[in-house]
Amino acid sequence: MRIIQTQQDIDSLQYSPIPPSFLKHIQKYFTQLRNSFHDKDDPYFSLRPSGPIFILEAGDNLHDLSLVGFRREDDGLFGSYPEYVELYDLGNIQIYKIAVMNTNDYIITLFTQVGIHPKEAEQWLKELAEV
């Protein structure tokens with residue numbers, strides 16, 4: 001799992017195995033958030049007060065995402081109530097965007113690639129995205 005709150009977090013992803021089209025999509029989303037919440041030129045902007053972006057990776061235990069706030073006791077991501085799940089086709093890969101609104105001012109956004117999680121998780125995401 002990767003956590004994105006600042007431009008520095010985005011920049012560090014350049015050295016990760018995340019496909020370039022996925023990385024570009026996340027950068028664009030981060031920029032949209034920064035521009036809507038704050039001065040677009042602020043080098044100290046952070047998503048911490050409004051909700052970070054998480055990138056789920058193969059091997060992440062979706063039943064226990066305590067780091068995100070989705071506890072094992074509540075069945076992790078499966079016990080959350082996403083505001084929406086969207087499927088994006090980026091050409092060479094497909095990704096899901098999962099938005100969970102904790103309050104009107106705090107939204108957790110998770111991104112993950114299609115096909116990297118166990119079958120039950122893929123089916124759950126597919127149903128929520130209404131694909």
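The values are calculated or read from the model by the stated rules, or taken from the named source; none is laboratory data. Predicted model, so just to flag it, every value in this text is computed and none were measured. All Cβ positions, glycine included, derive from the backbone under ideal geometry; neighbour counts span all protein chains shown. Side chains included, ligands, DNA and RNA excluded: accessible areas come from the protein's heavy atoms. Shrake-Rupley method; radii C 1.70, N 1.55, O 1.52, S 1.80 Å.
Results, tabulated for the structure shown:
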item	result
Pair list, Cβ < 8 Å and 6+ apart or interchain, from the stretch 85-108 residues that are of a type in the set (Ser, Thr, Tyr) to residues that are open to solvent by 70 Å² or more (accessible area, probe 1.4 Å) and modelled with pLDDT of 95 or more	Tyr88/Gln94
Flag for Tyr88 being closer than 20 Å to Lys28 by Cβ, open to solvent by less than 70 Å² (accessible area, probe 1.4 Å) and under 15 Å from the mean Cα position of the chain (by Cα)	yes
Qualifying residue in the stretch 91-112 (condition: out of contact with any strand residue (DSSP E or B) (no Cβ under 8 Å at 6 or more places or on another chain), open to solvent by 30 Å² or more (accessible area, probe 1.4 Å) and modelled with pLDDT of 95 or more)	no
Given (1) open to solvent by 30 Å² or more (accessible area, probe 1.4 Å); (2) farther than 16 Å from Ile3 by Cα; (3) assigned to a loop (DSSP other than H, G, I, E, B); (4) not aliphatic (A, V, I, L, M), number of the condition Pro49 does not satisfy	(2)
Lone unmet requirement of (1) in a strand (DSSP E or B); (2) open to solvent by 40 Å² or more (accessible area, probe 1.4 Å) for Phe54	(2)
Filter pass, Thr31 being closer than 21 Å to Gln14 by Cα, polar (S, T, N, Q) and modelled with pLDDT of 95 or more	no
Cβ-Cβ under 9 Å pairs, at least 6 apart or on other chains, the stretch 1-19 side on the phi < 0 side of the Ramachandran plot and in contact (Cβ under 8 Å) with a residue 12 or more places away in the chain, far side among the aromatic types (Phe, Trp, Tyr) and open to solvent by 40 Å² or more (accessible area, probe 1.4 Å)	Thr6/Tyr44
Residue count for the stretch 17-46, restricted to those that are part of a loop (DSSP other than H, G, I, E, B), open to solvent by 30 Å² or more (accessible area, probe 1.4 Å) and within 24 Å of Thr112 (Cβ to Cβ)	2
